[in-house]
Amino acid sequence: LPLRDMTGPDDTVGTDLRFDIIEGVPFRWLALNSPSLKGTIHWLGPELILTNLQAEFYGGTGTGDAYFDFRPPHEGADYRFTVTVTNVDLHRFAADVASPTNHLEGTVAGRLVVTAADTRTLESWNGYGSVKLRDGLLWDIPIIGIISPILNTFAAGLGNSRATEATTTYTITNGVIRSDTLEIHSTMMRLSYTGTVDMEQNVNALVTAHLLRDIWVLGPIVSTVLWPVSKIFECRVTGKLDDPKATPVYIPKILLAPLHPIRSLEKLFNPSASNPSTNAPPPK
């Protein structure tokens, strides 16, 4: 329906329609799917209001609400929404949005609040949120798995250990997501990320591995002793989310040329560097 035409010349409401979906119906948006969605849809003149949304969501549940205002002078609408999910199976979720053959594991809860946006572009998003994961395997996520080889050189299996917990809070400003609190905990280490990612999947982050930080009682002491080693593992991650590049922060570039061990360390951060492309031989 042409919602812009639902008001009269004096801006009085031209329609007031309400639909209650009391039995769950299948729902799809972009790559996300739910076999059952319930809620209330209310068309009030130039406004569309969604309330009491409840969905089955990848083994867990999702709730939310949304508001769309079609009165602004630009094409489309201004909107805001809130989504909360609990007990989501990370593997099933990633199978739809990323890769059906992923090896991710874990249970996720989170909240996304978009306080202001318009339908013309995702770069209009402003808001905040949080995510918490329990008992997960995350190394299939490129920006996390990129440092797995270098961690395995310190202790076999360290770079493939199961996360007991991962948490983050974030803000969104003009479509750019920023977090200073992303931490991934495991028995042998804690990974800390700070940085940004935008709606075009461009990432710019700093990651540090705090070795043995979460060992019971002695963790803080041991981690302090190993602080110089942790700094060797600190790197800047840039590029795309699905194809990130990691650069060591505390290894001077002037040392990368003459010292073979350090060159090897750089290759561990970027394995593709050890197999540079070469030109094909000229035809005979």
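The values are calculated or read from the model by the stated rules, or taken from the named source; none is laboratory data. The structure presented is a predicted model; accordingly, all values stated were derived computationally and were not measured. Quick reminder, even Gly has a Cβ in these numbers, built from the backbone with ideal geometry, and neighbours come from all protein chains shown. Side chains are part of the model used for accessible areas, which takes the heavy atoms of the whole protein and leaves out ligands, DNA and RNA. Shrake-Rupley method; radii C 1.70, N 1.55, O 1.52, S 1.80 Å.
Using unit Cβ charges (K, R positive; D, E negative) and no other charged atoms, how large, in debye to the nearest 20, is the dipole of the range 47-101 about its Cα centre?
120
If R₀ is 51 angstrom, what is the calculated FRET efficiency for the pair His103 and His74, using the beta carbon separation as r and rounding to 0.05?
Working: r = 43 Å, r/R0 = 0.85.
That pair, His103 with His74, gives E of 0.75.
Out of residues 5 or more away from Gly14 or on other chains, whose amide H comes under 5 Å of its own, with H placed 1.01 Å from N in the peptide plane?
Thr7, Gly8, Gly45
I'd like to know which of Ala116, Ser99, Pro72 lies farthest towards the positive end of the charge dipole of the range 68-119, counting +1 on Cβ of Lys and Arg and -1 on Cβ of Asp and Glu.
Selected residue: Ala116.
Around Ser34, with a cut-off of 14 angstrom between Cβ atoms, what is the net charge of the other residues, counting Lys and Arg +1 and Asp and Glu -1?
Computed value for this residue: -1.
Can you compute the FRET efficiency between Tyr128 and Thr15 using 1/(1 + (r/R0)^6), with r the Cβ-Cβ distance and R0 = 35 Å? Round to the nearest 0.05.
0.55
Just the number, please: carbon plus sulfur as a percent of the accessible area of the range 79-202, 1.4 Å probe, no ligands or DNA/RNA counted. Can you show the working numbers first?
On the way: 3310 of 6030 Å².
After summing per-atom areas, the C and S share lands at 55 percent.
Taking R0 as 30 Å, what's the FRET efficiency between Asp96 and Leu44 from their Cβ-Cβ distance, rounded to 0.05? It would help to have the intermediate numbers written out before the result.
Details: r = 33 Å, r/R0 = 1.10.
Approximately 0.35, to the nearest 0.05.
Using every alpha carbon pair in the range 54-103, what percent of pairs falls into each 10 Å bin from 0 up to the bin containing the largest distance?
Result returned by the calculation: 23, 30, 26, 18, 2.
Would you mind counting up the charge near Glu105? Only other residues with Cβ under 11 Å from its Cβ, with Lys and Arg at +1 and Asp and Glu at -1.
0
On the principal axes of its Cα set, how long, how wide and how thick is the range 58-154? Give whole Å, largest value first.
Taking max minus min along each principal axis of the Cα atoms, the range 58-154 gives 58, 27, 23 Å.
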